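Accompanying notes for the structure given below.
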Amino acid sequence: MIRILVSPDPIDTMAELTRVEQAGVGAVASFCGLVRADDGVDQLELEHYPGATEAALERIAGDAKVRWALNAATIVHRVGPMRPGERIVLVVTASPHRADALDACAYLIDRLKTDAPFWKRETRGEQSRWVDARASDDHAAERWNRR
């Protein structure tokens with residue numbers, strides 16, 4: 001089971017975890033990313049390319065299912081305006097064994113940051129700016145090409 005959701009609605013972490021746990025597996029791993037208040041950020045706004053974003057996330061999740069023994073993978077990503085402390089992304093993986101669940105979860109978060117079309121704009125007071133891609137995200141995603 002692969003579940004992909006891109007939405008402006010708040011992420012219900014418990015509902016998503018429960019949905020994946022119902023796959024009847026031995027291990028569930030998750031990552032929940034929050035909006036940071038780096039350097040006084042008041043708001044983070046995410047835009048995406050509808051259709052293309054979901055397709056990219058489906059492809060990434062499908063790649064993970066090929067690489068690891070996954071019974072389920074969920075990616076929920078918010079778009080629109082968000083405040084510091086709000087959930088921005090949730091990745092949940094389920095597998096009979098913890099190593100596959102943990103590795104697949106790390107893979108999904110690393111790859112979605114570089115392979116899915118999202119654009120971030122930070123607002124500090126009256127100033128806003130688009131956020132450039134980070135070399136550290138590219139490096140994190142690249143490590144999976146060596147495995």
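Subtracting the Cα-Cα distance of E58 and D9 from their residue separation scaled by 0.36 nm leaves 15.7 nm.
Here the chain yields Rg over Rh of 0.98, to two decimals, using C-alpha coordinates and the Kirkwood radius. Between V66, S7, A37, the Cα set farthest toward the positive side of the dipole of the chain (charges on each charged residue's Cβ, about the Cα centre) is that of V66. Protein heavy-atom accessible surface, 1.4 Å probe, per residue over the chain: 54 Å². A Cβ-based charge dipole, computed about the Cα centre of the chain with Lys and Arg at +1 and Asp and Glu at -1, lands at about 400 debye. With all protein chains in place and a 1.4 Å probe, the accessible surface of the chain carries 48 percent carbon and sulfur.
Using the Karplus relation 6.51 cos²θ - 1.76 cosθ + 1.60 with θ = phi - 60°, the per-residue 3J(HN,Hα) values for the stretch 34-45 come to 10, 5, 8, 9, 3, 6, x, 5, 8, 8, 10, 10 Hz, with x marking Gly and Pro.
Counting only DSSP H runs of at least 4 residues, each contributing -39500 (n - 2.57), and dividing by the residue count of the chain, the helix-based mean residue ellipticity at 222 nm comes to -11000 deg cm²/dmol.
The values are calculated or read from the model by the stated rules, or taken from the named source; none is laboratory data. On a predicted model such as this, the values are computed, not experimentally measured, just so you know. All Cβ positions, glycine included, derive from the backbone under ideal geometry; neighbour counts span all protein chains shown. Ligands, DNA and RNA are excluded from the accessible area calculation, which covers all protein heavy atoms including side chains. Shrake-Rupley method; radii C 1.70, N 1.55, O 1.52, S 1.80 Å.
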